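Colleague: Before anything else, here's the structure in question.
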Amino acid sequence: MGEAAITTAIATEPAVELKGITKRFPGVVANRDIRLSVAKGHIHAIVGENGAGKSTLMKILYGMQRPDEGEIRIDGAAVSFHTPGDAIAAGIGMVHQHFMLADNFTVLENVILGSEPRKGGLAVDFAAARRKIKEISDAYGLGVEPDALVEDLGVGDRQRVEILKVLYRGARILILDEPTAVLVPHEVDELFDNLRVLVREGLTILFISHKLDEVLKVADAITVIRRGTTVASVEPREVTARKLAELMVGSELPSPETRESTVTDVVTLEVSGLTMAASGHGPVQKGATADQLKAEGVRLLLDDISFTIHKGEVLGVAGVEGNGQAELVEAIMGMRPITAGTISLGGADITGWSTLKRREGGIGFIPEDRHRHGLLLEAPLWENRVLGHQTREPNVKGIWIDRAGARKDTQRIVEEYDVRTPGIDVDAAALSGGNQQKLIVGREMSGEPVLLIASHPTRGVDVGAQAAIWDHLRNARAAGLAVLLISADLDELIGLSDSLKVILRGRIVGDVDPGSVTPEQLGSAMTGAGEGA
Amino acid sequence: MSTFLDRVFGRVGFGGVMALVAPALAVVFAALVTSVVLLIAGHPPVEAFTSLVEYGSQPRVLVLILNLATTYFLSAVAVAVGFRMNLFNIGVDGQYRLAALIAASVGGAALVPGPLNIVLVVLVAMLVGALWASIAAVLKVTRGVSEVISTIMLNAIATGLTGWLLTADRLGVLSGNAIGTPPIPEDAHMPGMALIPGTPMKVNGFLIVAIIVGIGYAVLLNRTRFGFNLRATGRSEPAAVASGVNVKRMVVAAMVISGASAGLIGMPELLGSSFEYSLNFPTGLGFTGIAIALLGRNNAVGMAVGALLWGFLDSSSDALQLMEISKELVDIMKGVIVLSVIIAYELVHRYRIVAAQRKVSRELAAPAETEGAAA
Ligand SMILES: Nc1ncnc2c1ncn2[C@@H]1O[C@H](COP(=O)(O)OP(=O)(O)OP(=O)(O)O)[C@@H](O)[C@H]1O
Ligand SMILES: [Mg+2]
């Protein structure tokens, strides 16, 4: 709340000072004459539209990118970073918008990667590393398990690993790029508690967020970036979320309210008895029921899940990250084998269908991790338009790729969804995170899908674009689209959903009426504290 | 944000002129390094190079170059199909040798008359190459065995297998004390083409086949759905899976295509000059293919240029001996070229970024009214 803002004694020198930073990319000026001063021991928030240049600025501060012009001062001394290694040496650490952990390594290995402690100068000293990780994890209440495989972790856990990794390297200045985008409210609170502990210890934190109320809650100072340049520095006490949004984009805060219901009684998706066993139990008897499996001591990722979504209905699934949402989505998309249960789409049993056939059957898919599952980063935008729609108009003609058709439709998406890009021939990697997301949403809404599986559809997009995406979803819903909505943003879940289910440890544990539930009630239902409203 | 390896394997494209500048730069750089080597060895570089070029531009040698390049290009394509999907088919070498042996004995048996026999031999070779490569594919999709390891092993096995098959009581026949497959009858020889005036030597008819294969490769990869899926899988497997690509099927398909192309490698030699598979049949062509695929960044035109360059270096190396320079100098040059190509691509890549940024700032300097970000 209000008293949360922690101000330490007046620091003599700012921890970070940026003067006249300019950075150009092909076709775009990402940063132009940026001025920024961050006081020691502050939580300093940076806000701005998608593509405003926030991530770029942070990457410059972290030595990942070199500014074309400008000066960086750390604790009053001018520095010049050539690599992140230089920045780390200067006590700067960064957790990226898109995580950068090696999947098939353990937490311990990921954390020490690149800074392995040596025993007698040679062998890696795992014991010492494990001890240190434990220490840091306990000191800040991160709850990180050193020997877990990163592959098995949910997004929330991965983030804590990223933070720990940075602390492990002795960072005094911490950069967090959209850390809360992936978290549910109580996790956000936990994170903010952690951050407050960190600043009390004298660390300085720079963080980026699109969630303005959070920014107001935790920040000691706020800088607004618009179209590549700093337009305002404000005190959180002096502004409201509305005022901030205006500073950013000149528009008001949207709300995801659904107006009249468009739910019909035609069933689009029916899932029944969906069960998925965790791997590592050896061969599991296919078709065994959830109860039989549990009797055998098999751990279930999805436990006897059943629900239906009608034409024109948005079904929201609320839950803390890592409670089976990812598995549920991948099961419906046919990307992961299930142990038992059936899935049917518009009356047809699609349980045995391939992912391709399901997509052709009219399922659109907005994945939770856009870099892993949603994009070919090194391919131009128009090729990304084809991805996932390789067998359909307007991308192909028979066995041939229809370049002209795909390009034209990419242009349409860029315009309709306001993707800020210099053109459709740039690589997807060159777009800012939020603009990548807009492209994916636009693509998955193409070709009149009957069902949309939307995992965090507005993750990382700014308030203006969020409102636009909500509008697109509402219009499609009115035209008969069924949506399975998974989101960490409870306002979005409550506002868009016609019905809501709570998922916990792979089970549906309750139904909630989105018309009457408050985010607080929903939040506690998700942790299993309440009885599900 | 493309990685260095992405650029090396051509998964990130260069447009326009840069696609030509990079290799040209590399060749110039390689020539410089080789000059230094020559100087150290006490030979005047300018003379060495002029005699290389003079020798290499004789009509007789031009024919040799084209014929070598045909073979090298086919090998590069076989390798490149895998590279584009992140599959390292190191086994092209074993695939083409085994394919050539079996195809040679089928051809020698003269089961069908005349030109039909040519078609039969080529088809058998492609089939054997594809089958041999598919062993690695099956191991990969069912057991998760890395194709690098399995294809290296399969190369060794292919060497043993061809040795065992090429004995008198199996596929081989003794003529004098040399052993080989029964010669392919004359009516099934690939006709040559008198393309280069001034020499009675003919260009191998498989040049046409290689050109068709090259066009087919480019069209398949860049214009078809299959090619899109293959490239998508190479760029990001999870994204390909989510988009509906059946990655296992793609692995098998890519390996089979790679192996079938590998089967073609031995054909110019078999049907155009040796007409039998003997112990003298050329080996190691699969590895040359890897170098040329790298050189040409898996791009059809790039690989064609690379294959011609390789052919030139190989066939002109005799000229060096006339000057009493060690023939191995050519091998040094080849190595340096591959290395410098990789460096040159990196340099060009960086130059492009800088150039684009300059362009942006110039455009911004002119009309100052456009607001920042999206220029
Ligand atoms: N590697 C790159 N190459 C070319 N352009 C880039 C590159 N990285 C960023 N840009 C461009 O620079 C601008 C700023 O991008 P940046 O990622 O900093 O935005 P952001 O403020 O972090 O946005 P978001 O909220 O969507 O994450 C965008 O127009 C983007 O397209
Ligand atoms: Mg960003």
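The values are calculated or read from the model by the stated rules, or taken from the named source; none is laboratory data. On a predicted model such as this, the values are computed, not experimentally measured, just so you know. Positions of Cβ are generated from backbone atoms using ideal geometry, with glycine treated the same way; all protein chains shown enter the neighbour counts. These area figures cover heavy atoms from the full protein model, side chains too; ligands, DNA and RNA do not enter into them. Shrake-Rupley method; radii C 1.70, N 1.55, O 1.52, S 1.80 Å.
Colleague: Over the range A:290-334, what per residue volume does the convex hull of the Cα atoms give, in whole Å³?
Modeller: Numbers: hull volume 4.3 nm³, N = 45.
Given the Cα convex hull of the range A:290-334, per-residue volume reads 96 Å³.
Colleague: Taking the Cα centre of the range B:44-324 as origin and charging only Cβ (+1 Lys, Arg; -1 Asp, Glu), how large is the dipole, in debye to the nearest 20? List each step's numbers first, then the result.
Modeller: On the way: 14 positive and 13 negative charges, 271 e Å.
Magnitude of the dipole: close to 1300 debye.
Colleague: Turning to a different aspect of this structure: Exceeding 18 Å between C-alpha atoms, which entries from my cross-link table qualify? They are A:K19/A:K54; B:K140/B:K248; A:K40/A:K134. Intermediate values should be presented prior to the final figure.
Modeller: Numbers: A:K19/A:K54 15 Å; B:K140/B:K248 8 Å; A:K40/A:K134 27 Å.
Long pairs (Cα-Cα over 18 Å): A:K40/A:K134.
Colleague: Moving on. For the range B:158-187 and the range B:275-333, compute the distance between their C-alpha centroids and round to whole Å.
Modeller: 26
Colleague: Any chance you could run the full-extension gain for A:F105 through A:R505? It's 0.36 nm times the residue separation minus the Cα-Cα distance, nm to one decimal. Walk me through the numbers before you get to the answer.
Modeller: Numbers: separation 400, 0.36 × 400 = 144.00 nm, distance 2.40 nm.
Length difference between fully extended and current span is 141.6 nm.
Colleague: Using only DSSP helix segments of four residues or longer, with each worth -39500 (n - 2.57), what per-residue ellipticity at 222 nm results for chain B after dividing by its residue count and rounding to 500?
Modeller: Numbers: 14 runs with 256 residues, N = 375.
For chain B, the value works out to -23000 deg cm²/dmol.
Colleague: Just for the protein assembly as shown, what percent of DSSP beta bridges are antiparallel, to the closest 5? Provide the component values of the computation, followed by the final result.
Modeller: Values: 52 of 87 bridges.
Close to 60 percent.
Colleague: Looking at chain A, send over the antiparallel percent of its DSSP beta bridges, to the nearest 5.
Modeller: Details: 45 of 80 bridges.
Percent antiparallel among DSSP bridges in chain A is about 55.
Colleague: While we're on this one: Taking +1 at the Cβ of each Lys and Arg and -1 at the Cβ of each Asp and Glu, which of A:T22, A:I92, A:S446 sits farthest along the dipole of chain A towards its positive end, judged by Cα position relative to the Cα centre?
Modeller: With unit charges placed on the Cβ atoms, the residue in question is A:T22.
Colleague: I would also like to ask the following. Which ³J(HN,Hα) values in Hz, rounded to whole numbers, follow from the phi angles of the range A:17-31 under the Karplus curve 6.51 cos²θ - 1.76 cosθ + 1.60, where θ = phi - 60° and Gly and Pro get x?
Modeller: 9, 10, 10, x, 6, 10, 9, 10, 10, x, x, 8, 9, 7, 9
Colleague: Amide H neighbours of A:D402 under 5 Å, counting only residues 5+ apart in sequence or on other chains, H built in-plane at 1.01 Å?
Modeller: Sorted by chain and number, the residues that satisfy this are A:V396, A:K397.
Colleague: When the helices in chain A are scored as -39500 (n - 2.57) per DSSP H run of 4 or longer and the sum is shared across all residues, what 222 nm value do you end up with, to the nearest 500 deg cm²/dmol?
Modeller: Numbers: 17 runs with 164 residues, N = 533.
Helix-only estimate at 222 nm: -9000 deg cm²/dmol.
Colleague: Rounded, prolate or oblate, given the Cα gyration tensor of the range B:44-324, with a/c below 1.5 counting as rounded? Let's see the in-between values first.
Modeller: Details: a/c = 1.79, a/b = 1.22, b/c = 1.47.
Oblate shape, in that a/c is at least 1.5 and b/c is the bigger or equal ratio.
Colleague: Give the range of the longest stretch in chain A that excludes all trypsin sites (Lys or Arg not before Pro) found in loop regions by DSSP and having at most 10 other beta-carbon atoms within 10 Å. Write down the numbers at each step before the final one.
Modeller: Details: sites that count: A:R259, A:K286.
Excluding the exposed sites themselves, the longest stretch runs over A:1-258.
Colleague: Another question about this same structure. Given labels modelled 7 Å from the Cα in the Cβ direction, how far is it in nm from A:E416 to B:K202?
Modeller: 6.0
Colleague: Oh, and also: Residues of the range A:154-189 with amide nitrogen under 13 Å from the 7 Å Cα-to-Cβ point of A:R299?
Modeller: Those under the cut-off are A:154.
Colleague: Can I ask one more? Computing the accessible area with a 1.4 Å probe over protein heavy atoms, can you report the carbon and sulfur percentage for chain B?
Modeller: Working: 11500 of 16560 Å².
That fraction is 69 percent.
Colleague: Separate question: For the range A:368-447, just say rounded, prolate or oblate: build the C-alpha gyration tensor, square-root its eigenvalues into a ≥ b ≥ c, call rounded for a/c under 1.5, and beyond that prolate if a/b exceeds b/c, oblate if not. Don't jump to the answer; show the numbers that get you there.
Modeller: Numbers: a/c = 1.64, a/b = 1.44, b/c = 1.13.
Prolate is the answer for the range A:368-447, as a/c is 1.5 or above and a/b outweighs b/c.
Colleague: Give me the number: length gained by fully extending A:S279 to A:V426, i.e. 0.36 nm times residue separation minus the C-alpha to C-alpha distance, one decimal in nm. Please report the intermediate quantities before stating the final value.
Modeller: Values: separation 147, 0.36 × 147 = 52.92 nm, distance 3.96 nm.
This chain segment gains 49.0 nm when fully extended.
Colleague: Once you charge only the Cβ atoms, +1 for Lys and Arg and -1 for Asp and Glu, what is the size of the charge dipole of chain A about its Cα centre, to the nearest 20 debye?
Modeller: Values: 57 positive and 74 negative charges, 283 e Å.
Dipole about the Cα centre, nearest 20: 1360 debye.
Colleague: Separate question: Of B:I179, A:F307, A:T83, which is farthest along the charge dipole of the protein assembly as shown in the positive direction, counting Lys and Arg as +1 and Asp and Glu as -1 at C-beta?
Modeller: B:I179
Colleague: Taking the square root of 5 times each eigenvalue of the Cα gyration tensor, what semi-axes in Å does the equivalent ellipsoid of the protein assembly as shown have, largest first? Walk me through the intermediate numbers first.
Modeller: Working: eigenvalues 614, 245, 133 Å².
For the protein assembly as shown, the semi-axes come out at 55, 35, 26 Å.
Colleague: When a/c is below 1.5 the answer is rounded, else prolate if a/b is larger than b/c, else oblate, so apply that to the range B:94-229 with a ≥ b ≥ c taken from the square roots of the Cα gyration tensor eigenvalues. Intermediate results must be reported in sequence, preceding the final value.
Modeller: Numbers: a/c = 2.21, a/b = 1.14, b/c = 1.94.
Oblate, because a/c is 1.5 or more while a/b does not exceed b/c.
Colleague: Something else now. Given charges of +1 on the Cβ of Lys and Arg and -1 on the Cβ of Asp and Glu, with all other atoms neutral, how large is the dipole of the protein assembly as shown about its Cα centre, in debye to the nearest 20? Intermediate results must be reported in sequence, preceding the final value.
Modeller: Numbers: 80 positive and 94 negative charges, 381 e Å.
My answer is approximately 1820 debye.
Colleague: Within the range A:331-366, what residues put their amide N at less than 16 Å from the label point 7 Å along the Cα-to-Cβ vector of A:R392?
Modeller: Hits in the range A:331-366 for A:R392 at 16 Å: A:333-334, A:345-346, A:354-366.
Colleague: Which residue fluctuates most in the GNM of chain B (Cα springs below 10 Å): B:G289, B:G172, B:G311?
Modeller: Among B:G289, B:G172, B:G311, the largest mean-square fluctuation in the Gaussian network model of chain B belongs to B:G172.
Colleague: Still on this structure, I have one more. May I ask you to derive the FRET efficiency for A:E190 and B:I157 from their Cβ-Cβ distance with R0 = 60 Å, giving the value to the nearest 0.05? Please report the intermediate quantities before stating the final value.
Modeller: Working: r = 57 Å, r/R0 = 0.96.
My answer for the efficiency is 0.55.
Colleague: Hey, got a sec? Which trypsin sites (Lys or Arg not before Pro) in the range B:104-182 land in a DSSP loop and have at most 12 other Cβ atoms within 10 Å? Each step should come with its number before you reach the end.
Modeller: Values: sites: B:K140, B:R143, B:R170; in loops: B:R170.
Hits after loop and neighbour filter: B:R170.
Colleague: Now for a separate question. Mind checking which aspartates and glutamates have their C-alpha under 16 Å from A:K311, skipping anything on the same chain fewer than 8 residues away?
Modeller: Counting by Cα, and skipping residues close in sequence, A:K311 has these aspartates and glutamates nearby: A:E260, A:D265, A:E270, A:E448, A:D498.
Colleague: Between chains A and B, what is the buried accessible area summed over both chains (1.4 Å probe, protein heavy atoms, nearest 100 Å²)?
Modeller: Working: alone 22480 and 18210 Å², together 37530 Å².
Buried area (both sides, nearest 100 Å²): 3200 Å².
Colleague: Right, something else. Round to the nearest 0.05 the FRET efficiency obtained for B:L123 and B:L220 when R0 = 22 Å and r is the Cβ-Cβ distance. Walk me through the numbers before you get to the answer.
Modeller: On the way: r = 19 Å, r/R0 = 0.85.
FRET efficiency, B:L123 to B:L220: 0.70.
Colleague: Using 1/(1 + (r/R0)^6) with R0 = 56 angstrom and r between the beta carbons of A:S354 and B:V53, what's the FRET efficiency to the nearest 0.05? Don't skip to the end; give the middle numbers.
Modeller: Numbers: r = 56 Å, r/R0 = 1.00.
Computed FRET efficiency for A:S354 and B:V53 comes out at 0.50.
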